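Peer 1: Sharing a structure here in structure tokens format.
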There are 2 protein chains.
Amino acid sequence: MAPADLGTASSDTRTTVNSTAVLDAAMTLFAQRGYHGTALSQVAEALGIRTPSLYNHMRSKQELLQRIVSDTTEGVLEDFRLAVEGVADPVERLRRATRVYALRHATHRREALIVNRDTTSLDEPARSEQQELRRRHEHALRGIITEGVAAGTLNVDSPALASFAIREMCVSIARWFREDGPFTAEQVADQYSGFALQIAGAR
Amino acid sequence: MAPADLGTASSDTRTTVNSTAVLDAAMTLFAQRGYHGTALSQVAEALGIRTPSLYNHMRSKQELLQRIVSDTTEGVLEDFRLAVEGVADPVERLRRATRVYALRHATHRREALIVNRDTTSLDEPARSEQQELRRRHEHALRGIITEGVAAGTLNVDSPALASFAIREMCVSIARWFREDGPFTAEQVADQYSGFALQIAGAR
DNA sequence: TGTGCTAACAAACGGTACTTAGCATACCGT
DNA sequence: ACGGTATGCTAAGTACCGTTTGTTAGCACA
């Protein structure tokens, strides 16, 4: 048997598509034109195969969207957990939570664009499940602000309003960030976490 | 002749639709499901007529989108102009410009959602024209921040980054604001213009 | 009364979308 | 060498979409 064969099929004479490639191509096109604005024929064309052949690597167009969205949301919640765990100070928790959130939207632009544009195109029950997960992130961020206000180290009229502003500001990084632009993703993330602290009235 | 007949045809026995009603129904549905996600049959159904009858009041589905987008963008630029004219202080200019921008996104939610989601679905040359107009607003806002930094009353590392953050924060008000929620549009606009000043490092 | 306009309708067209079925071919382990 | 699996293809099915056409009913006005 082959001693160290990786899972990805990369034959000698024939280039072949795998399910990762399909997801990747779909992600690029969904991000550009939206879910309903993208035809599977375009995904197939990007991969150099005919449309029906896509079905060797996926179950349906809707499944592609569900995978993209749910993978992303899980990543966001995991980022959040890792960023704040073991940190007690609300100001530092807010800084770290917004930093990873901003960073993700700069480094995973396509996913972010799709999630924020096409979550409404998910079939039920996936749509409701997604909304619930996103609400969880929203509440967690708001909770940090509320703690900080209680502790006197943050100062806002409404934690809800501030957390909306912070989240959405980060989300839309995906709309303008370019990898070849003047800022690295880390620089943007640092700047934006600073903005977040200012919005939240950190002393 | 009827002494004071208004333009809107409202017959006695027959309910009739006008082009304003078509635009309004389309706006609601485009905002909910997106341009490509909305079928004209759904617009017709919302109006209580059959699909082909829509063509008595519009030229095409694309024309509906173009009207919505261009009306909105013109409104945004006009708001901006009126808000800052005659005001010299960059801090106050920034406050007023972001206030009207935020206010518009709270009071014209549907239009804002469509513009920010479906501008890419415009046919050329409308799409390029729109991008140009939006760039104009972006540059104008950035210019205010640059002035403020030069005058020493604002303080940011990058006016471009700050102006992106401020704009997009305001834009997304349309995503969560509810008329029957805990805040009025004016309250949100005031809060958000405060956030903008904090992002821009106003003293 | 009659004429023209507006706006509704039914029917149909051409196009395209997603998906399934059936089949051919290459690779792989045995 | 051989059978199974994976992957591609063509053809076709089913549904729906945006749009055009031709027609009809009511209203305004002469």
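The values are calculated or read from the model by the stated rules, or taken from the named source; none is laboratory data. The model shown is predicted, which means the values in this text are computed figures rather than measured ones. Cβ placement follows ideal geometry from the backbone for every residue including glycine, while neighbour counts extend to all protein chains displayed. What goes into the accessible areas is simple: the full protein's heavy atoms, side chains included, and nothing from ligands, DNA or RNA. Shrake-Rupley method; radii C 1.70, N 1.55, O 1.52, S 1.80 Å.
Peer 1: Please compute the per residue accessible area over the range B:64-199 with all protein chains in place, 1.4 Å probe, rounded to a whole number of Å².
Peer 2: 43 Å²
Peer 1: Given +1 on the Cβ of Lys and Arg, -1 on the Cβ of Asp and Glu, and no further charges, what dipole in debye does the range B:64-199 carry about its Cα centre, rounded to the nearest 20?
Peer 2: Computed about the Cα centre, the dipole is about 200 debye.
Peer 1: Another question, if that's okay. Find every distance from the label point of residue A:41 to the corresponding label point in the other copies (7 Å from Cα along Cα→Cβ) and write them in nm, one decimal, shortest first.
Peer 2: For residue A:41, the other copies' label points sit at 2.0 nm, shortest first.
Peer 1: Which is farthest toward the positive dipole end of the protein assembly as shown among A:53, A:66, B:101, measuring Cα position about the Cα centre, with Cβ charges +1 (Lys, Arg) and -1 (Asp, Glu)?
Peer 2: Result: A:53.
Peer 1: Relative to the longest principal axis of chain B, what angle (0 to 90°, nearest 10) does the C-alpha long axis of helix B:185-199 take?
Peer 2: In chain B, helix B:185-199 runs at an angle near 30 degrees to the longest axis.
Peer 1: Comparing the chain by itself with all protein chains present, which residues of the range B:95-123 are at least 20 Å² less accessible (probe 1.4 Å)?
Peer 2: B:116, B:117, B:120
Peer 1: Hey, another quick one. On a 1.4 Å probe surface of the protein chains, which of B:117, A:203, B:178, A:59 comes out largest in accessible area, and what is the full order?
Peer 2: A:203, A:59, B:178, B:117
Peer 1: Could you work out the relative contact order of the range B:64-199? I mean the mean sequence separation of Cα pairs under 8 Å and 6+ apart, divided by the number of residues, in percent.
Peer 2: The normalised contact order for the range B:64-199 reaches 39 percent.
Peer 1: A further question on this structure: Using only Cα atoms and rounding to the nearest 10 degrees, what angle (0 to 90) does helix B:19-33 make with the longest principal axis of chain B?
Peer 2: Result, in degrees: 60.
Peer 1: If you don't mind, there's one more thing I want to ask. With everything on Cα atoms, drop me the angle between helix A:126-151 and the longest principal axis of chain A, reported from 0 to 90° to the nearest 10.
Peer 2: With both axes taken from Cα atoms, the answer is about 20 degrees.
Peer 1: If I model a spin label as a point 7 Å beyond the Cα along the Cα-Cβ vector, how far apart are those points for residue A:62 and residue A:180 in nm?
Peer 2: 3.9 nm
Peer 1: Oh, and also: Give the nm distances, rounded to one decimal, from residue B:135 to the matching residue in every other copy, measuring between label points 7 Å along Cα toward the beta carbon; shortest first.
Peer 2: 4.2
Peer 1: While we're looking at this one, here's another question. Summing +1 for each Lys or Arg and -1 for each Asp or Glu, what net charge is found among the other residues whose Cβ lies under 15 Å from the Cβ of residue B:36?
Peer 2: Net charge around residue B:36: +4.
Peer 1: Follow-up. Please identify every one of the GluC sites (Glu not before Pro) in the range B:71-169 that sits in a loop by DSSP and has no more than 14 other beta carbons within 10 Å of its own beta carbon.
Peer 2: B:85
Peer 1: Shifting gears a bit: Just subtract the alpha-carbon distance of residue B:139 and residue B:32 from 0.36 nm times their residue separation and send over the number in nm, one decimal.
Peer 2: Contour length minus Cα-Cα distance gives 35.5 nm.
Peer 1: Only sites in a loop by DSSP and with at most 12 other Cβ atoms within 10 Å count here; which chymotrypsin sites (Phe, Trp or Tyr not before Pro) in the range B:32-114 make the cut?
Peer 2: Answer in residue order: no site qualifies.
Peer 1: What FRET efficiency do you get for residue B:151 and residue A:89 if R0 is 30 Å and r is their Cβ-Cβ distance, rounded to the nearest 0.05?
Peer 2: That gives a FRET efficiency of 0.30.
Peer 1: For the pair B and A, how large is the buried accessible area, both sides, in square angstrom to the nearest 100, if the probe is 1.4 Å?
Peer 2: What B and A bury together is about 2500 Å².
Peer 1: Can you give the FRET efficiency to the nearest 0.05 for residue A:20 and residue A:129, using r as the Cβ-Cβ distance and R₀ = 30 Å?
Peer 2: Once the sixth-power term is evaluated, E becomes 0.80.
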